[in-house]
Amino acid sequence: MRDLTCRYILRGWVKLIAVAAVLLTPSASIAQIDAPTHKLALDIFKQLIEINTTESSGSVTAAAVAMRQRFLTGGFAPQDVYLGGPNERKKNLVVRLHGDGSGKRPILLICHLDVVEARREDWSVDPFQFIENDGYYYGRGTQDIKDGDAILVAIFLRLKQENYHPDRDLILALTADEEAGGTANGVDWLLRNQRQLIDAGYVINLDQGGVDLEHGKPLSVNIAATEKLYGDYLMSVTNRGGHSSIPRPDNAIYQLAGALTRLEHHEFAFELNPVTRAYFETISETESGQKAADLKAMLNTPPDPKAIERLSASSPSWHSMMHTTCVATRLSGGHANNALPQKAEATVNCRILPGHTLEEVRQEIIATVGDSAVTVRYSDYVGSVTDTAPARMQLTPVEPNPVLMNAVRKLSADFWPGAPVIPMMETGASDGVYTLAAGMPTYGVNGVALEVSDFRAHGRDERVPVASFDRGLEFNYQLLKMLTTPSAGH
């Protein structure tokens, strides 16, 4: 899921920068978009949108097979185009463009093919028909993330046609089940079953990061360098129940409500990692007054607790970047209007800072609740509940890759003049959680600019601006060339 949640906070502090920025119209310094590649990308985009890849009735395999045929027709050897997965509906495609044999570790690009559900009656247009209207492309997946799929397929085919030999292998993985999660997730499955196909020095994930616009003006170019770990927990209270005319102190609903209230008021520890520290350092140079002073005080060693408190209160997104968060998202209890509840349950969703395990957070919830009558168990993607959570954790991120950051800065100066390039931590979740856990640094880079007020992924009438798709195609092509041109000396 291309998550824009923590990027909404950028709107205020970059407005002065945005005033000086140019509109989305191309600048003279940007190379003209290659016409054949543009037509190819648009054909691929249309083809992918019109292949239903939802969990309920679609097939990721159908999309993967269609793209496989394009690569074979485009000159890729069969041994460099792998198709495989856990079942017939969820096969992944892995394509390798061989480098010049220099021995440098590959770059892996990941992008998922599946999309969330879309009902025709909820849309004003057919969600599985590719439509261009009023400067936008409409269809399920136009933002999340078949625009990225089409761009990467077209770029790989263009590089092959140009007989381009990068200074390392480039690997493209188009995968299943990012939206549904579970054991069929494509990146996870490939890591467990075909690690050698996608093993890389680092990963570029088009389903993170991005360029934020406000009324056509670029606000910021965001590079996601890490993300929080997703975890669901089931809190429950059970007892013998009884007749509602004779209430007892051990009411399951009241006990659960008390536990949830204690969790609501619990604050997980403040932490910064190299990515979030770089993020707040960048922002601290643009703020003024009390907020600027608080940002600098928060960045001190030791940090100022009062500054952290004020900054957390000023922005839920900043708070989420500083702390692990747990919030109740579902609630059920009781079995009859005239009976004491025999069971009450709540689902608590946590977004966990890098460096902490799922089980560590479960134990902190138990300690916070402080009631042996309340059980706290782990619930996985498919709803299976276990007494303990896996030991899985999100590794503490390293400093953002300087070569990648410099390349994005250089290109962004031409594509989106005046917009700062900001390293960030996604507070949502993506397939990057698997590659990060596998020890491969993963960076969210997406050159398709979106209005912060027009985020429609997973929603009605999903769309992407025509101009943004065109520019994203050229940006990503130039970025890959800049990162892998042998003479660049990377």
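The values are calculated or read from the model by the stated rules, or taken from the named source; none is laboratory data. As the structure is a prediction and not an experimental result, all values here were calculated from the model. Cβ: placed from backbone, ideal geometry, glycine included. Neighbour counts: every protein chain shown.
Here is a yes/no grid of residues against (1) closer than 27 Å to residue 99 by Cβ; (2) hydroxyl-bearing (Ser, Thr, Tyr); (3) within 18 Å of the chain's Cα centre (by Cα):
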residue	(1), (2), (3)
172	yes, no, yes
175	yes, yes, yes
180	no, no, yes
195	yes, no, no
200	yes, no, no
206	yes, no, yes
209	yes, no, yes
214	no, no, no
220	no, yes, yes
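Screening the candidates 252, 278, 259 for the property of being small (Gly, Ala, Ser) and under 30 Å from residue 219 (Cβ atoms) yields one hit, 278. If you go through region 343-371 and keep only what is part of a strand (DSSP E or B), among the hydrophobic types (A, V, I, L, M, F, W, C) and over 16 Å from residue 228 (Cβ atoms), you end up with 344, 346. Number of residues in region 266-283 that are of a type in the set (Ser, Thr, Tyr) and surrounded by fewer than 18 Cβ atoms within 10 Å (Cβ to Cβ): the value is 1. One residue stands out in region 328-342 among those that are part of a strand (DSSP E or B) and of a type outside the set (A, V, I, L, M): the one that is surrounded by the most Cβ atoms within 10 Å (Cβ to Cβ), namely 333. If the condition is being outside any loop (DSSP other than H, G, I, E, B) and surrounded by fewer than 18 Cβ atoms within 10 Å (Cβ to Cβ), then region 300-327 contributes 305, 306, 309, 310, 313, 314, 316, 317, 327.
List the helices (runs of 4 or more DSSP H) inside region 389-490, counting only whole elements, that have at least 2 residues being under 30 Å from residue 352 (Cα atoms). Spell out the reasoning first.
Details: elements: 402-415, 432-437, 466-484.
Result: 402-415, 432-437.
Scanning region 85-127 for residues that are closer than 19 Å to residue 140 by Cα and of a type in the set (Lys, Arg) yields 89, 90, 119, 120. Condition first: within 26 Å of the chain's Cα centre (by Cα), closer than 16 Å to residue 157 by Cα and not β-branched (Val, Ile, Thr). Now tell me which residues in region 75-95 satisfy that. Scanning region 75-95 gives 82, 93. Of note, residue 471 satisfies the criterion of being over 30 Å from residue 195 (Cβ atoms) and in the same structural domain as residue 206 (by TED's automatic domain parsing).
Any idea which of 452, 433 is within 18 Å of residue 224 (Cα to Cα) and surrounded by fewer than 20 Cβ atoms within 10 Å (Cβ to Cβ)? Quick ask: steps written out before the conclusion?
Values: 433 fails: surrounded by fewer than 20 Cβ atoms within 10 Å (Cβ to Cβ).
Of the residues listed, the single one that is within 18 Å of residue 224 (Cα to Cα) and surrounded by fewer than 20 Cβ atoms within 10 Å (Cβ to Cβ) is 452.
Only helices (runs of 4 or more DSSP H) whose full extent lies in region 8-127 are considered here, and the ones with at least 3 residues that are at pLDDT 95 or above and crowded, with 20+ Cβ neighbours inside 10 Å are 35-49, 60-73.
Of 354, 390, which residue is loosely packed, with under 14 Cβ neighbours inside 10 Å and either touching a residue at least 60 places away in the same chain (Cβ under 8 Å) or of a type outside the set (Val, Ile, Thr) (or both)? Break it down into steps so the answer makes sense when it comes.
On the way: 354 fails: loosely packed, with under 14 Cβ neighbours inside 10 Å.
Checking each option against the conditions leaves just 390.
All of 172, 206, 197, 191 fail the test of being assigned by TED's automatic domain parsing to the domain that holds residue 55, in contact (Cβ under 8 Å) with a residue 12 or more places away in the chain and in contact with a Cys (Cβ under 7 Å, 6 or more places away or on another chain), apart from 206.
Listed residues 201, 210; which is within 30 Å of residue 449 (Cα to Cα) and out of contact with any Gly (no Cβ under 8 Å at 6 or more places or on another chain)? Walk me through how you get there before you give the answer.
Numbers: 210 fails: out of contact with any Gly (no Cβ under 8 Å at 6 or more places or on another chain).
The unique qualifying residue is 201.
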